[in-house]
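In what follows, a single structure is set out as structure tokens and then discussed.
We did not get these values from a lab; they are worked out from the coordinates using the rules stated. Here the structure is a predicted model, which means the values were calculated and not measured. All Cβ positions, glycine included, derive from the backbone under ideal geometry; neighbour counts span all protein chains shown.
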Amino acid sequence: DWTMAGYRDEAIRRIREQVGDGKVICGLSGGVDSSVAAVLIHEAIGDQLTCVFVDHGLLRQGEAEEVVTMFRDNYNIPLVHADESELFLGALKGVSDPETKRKTIGRLFIDVFQKHAAEVGGAEFLAQGTLYPDVIESVSFSGGPSVTIKSHHNVGGLPEKMGLKLVEPLRELFKDEVRALGRELGLPERFIGRHPFPGPGLAIRCPGEITREKLEILRRADAVYIDQIRRHGLYDDIWQAFVAILPVRTVGVMGDSRTYDYACALRAVTSVDGMTADYYPFTHEFLGETATRIINEVKGINRVTYDITSKPPGTIEWE
Ligand code: XMP
């Protein structure tokens, strides 16, 4: 009989077999996938593993602290908190093409991981929380209109020059299975239930050029939106919810003066595995209340729209 406990034991056996007595670094993103991968690998090889949490300056409000605290409080896994926001945001300056943004981020991730692989005394392996849908999507989309839809994912092998071998213990699993495995490994429920967050982070929720100003506005609007969703008890019914800041300013009126601020789009979808998705049918009341809160509480936004595109034809993210 297939059980998650059996899967865990088998995965641990395979990790030990692959890694031997080598060192592994694991990129932590704060999402469920990389957290589960990290804990699983730690069970398999203990302190041969070092986790690297790369803060690329594209995280949500409070996210870095939350992830680092969760790991330090619950696990004895060596964890490096790498603040690389200058590096990433510097390289992204003036870049507005979505594919170039992703490639830039992917390249810098590789540089940063290589640096840390050397710093832990020569890690030979890089662990990632790649899931089955990531493997499929990067195959099925190749040759299509967006050739490297998840180019930073490195699914299918890392660039040669990196010289690190991949450890991807979740490659056969779907998201719901990863969550079950996370429970099996005893990860806190609050962590297991988190919405997925993409590796390129807020970069793909900020279409066009990324600026620190836009990122700050986006973080604040996103925090209000998620707070609304939690207050209304909807968080667990939704696969993913986030705000995208649009690359356009529009005219509004506040008191007796005109404003000229950014428009944003709210996104919320239901999905089983992220490969297809339906937009979430919020009530008009919820949407109205949320729009009012964002406009009142977030300086820099004066217009709120709701994205009612399902996937396909839309993607979940905006880039
Ligand atoms: P899309 O936008 O392709 O997203 O419909 C499907 C799921 O994948 C996540 N996503 C990514 N995750 N790196 C990631 O780690 C990426 O480049 C990336 N692009 C999309 C997205 O958040 C959704 O859960």
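Key figures for this structure:
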| read-out | value |
| --- | --- |
| Inverse of mean 1/r across different Cα pairs in the range 155-227, Kirkwood, Å | 15.7 Å |
| Principal semi-axes in Å for the range 211-306 [√(5λ), Cα gyration tensor, largest first] | 25, 15, 11 |
| Separation in nanometres of the label points that stand 7 Å from Cα toward Cβ, at ASP1 and ARG107 | 5.3 nm |
| Cα centroid separation - the range 19-73 against the range 188-220, whole Å | 18 Å |
| Whole-angstrom Cα spans of the chain along principal axes, big to small | 69, 44, 42 |
| Angle in degrees between helix 175-184 and the longest Cα principal axis of the chain, rounded to the nearest 10 | 60 degrees |
| Principal semi-axes in Å for the range 59-98 [√(5λ), Cα gyration tensor, largest first] | 28, 11, 7 |
| Extent along principal axes [Cα atoms of the range 9-69; Å; largest to smallest] | 39, 20, 17 |
| Förster radius 45 Å - calculated FRET efficiency between ARG190 and ASP97, Cβ distance, rounded to 0.05 | 0.75 |
| Rule-of-thumb Rg ratio for the range 4-192 [Cα; 2.2 N^0.38 Å; N residues] | 1.00 |
| Mean Cα-pair separation over length for the chain, i.e. relative contact order, pairs under 8 Å, 6 or more apart, % | 17 percent |
| Positive-end extreme of charge dipole, the chain - chosen from GLY20, ILE308, VAL272 (charges on Cβ) | ILE308 |
| Point-charge dipole on Cβ atoms (K/R +1, D/E -1) for the range 266-319, about Cα centre, debye to 20 | 200 debye |
| Cα lying deepest toward the dipole's positive end in the range 4-192, options TYR75, PHE125, ILE41, charges on Cβ | PHE125 |
| Angle in degrees between helix 284-297 and the longest Cα principal axis of the chain, rounded to the nearest 10 | 90 degrees |
| Two-site FRET efficiency, ARG231 against TYR75, from Cβ-Cβ distance with R₀ of 30 Å, rounded to 0.05 | 0.50 |
| Cα-Cα over 27 Å, subset of LYS101/LYS311; LYS175/LYS214; LYS103/LYS311 | LYS175/LYS214 |
| Charged-residue dipole, Cβ positions (Lys, Arg, Asp, Glu), the range 4-192 about Cα centre, Debye nearest 20 | 340 debye |
